[in-house]
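What follows is one structure encoded as structure tokens, with my remarks underneath.
Any read-out appearing in this document is the output of simple, stated calculations on the displayed coordinates, not a laboratory observation. Since the model is a prediction, treat every value here as computed from it, not as a measurement. In this analysis, Cβ positions are derived from the backbone assuming ideal geometry, glycine residues included, and neighbour counts consider all displayed protein chains.
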Amino acid sequence: MTVRELIELLEQQPADMRVVVDGYEQGYDDVSPQQISIVGIVLNAGAHHWEGQHGNPADLPVTHRADVTTVDALVLSRTSN
């Protein structure tokens, strides 16, 4: 999803609708501006079903880091109590 696609989706919703992300085990957490960041990711790096589809370049073996291209991504992080 791109920022443009996200904006278009959000514009279809009521302006006062709450925005949440899924919780660690269950439930939902609120999103706040402090939880939004831009990070470099490696596309399609997840090798296992429990991993996210994309990965953190720092998690790759050192020998593979020079061989990948990273892209910037807007990340909505979760903060559970």
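Can you tally the net charge around Ser77? Count Lys and Arg as +1, Asp and Glu as -1, for every other residue whose Cβ sits under 13 Å from the Cβ of Ser77. Don't skip to the end; give the middle numbers.
Details: positive: Arg78; negative: Asp22, Asp29, Asp30.
Charge balance near Ser77 sits at -2.
Quick one: net charge around Thr2, please, counting Lys, Arg +1 and Asp, Glu -1 for every other residue with C-beta under 13 Å from its C-beta. Present the calculation step by step, with values, prior to reporting the outcome.
Working: positive: Arg4; negative: Glu5, Glu8, Asp72.
Neighbourhood net charge equals -2.
Using just the helices of the chain, give the 222 nm mean residue ellipticity in deg cm²/dmol: DSSP H runs with n ≥ 4 each add -39,500 (n - 2.57), and the total is spread over all residues, rounded to 500.
Details: 2 runs with 13 residues, N = 81.
Helices in the chain give a 222 nm mean residue ellipticity of -4000 deg cm²/dmol.
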If packing is taken as the average count of other Cβ atoms within 10 Å, what order do 48-60, 10-22, 30-42 fall into, highest mean first?
30-42, 48-60, 10-22
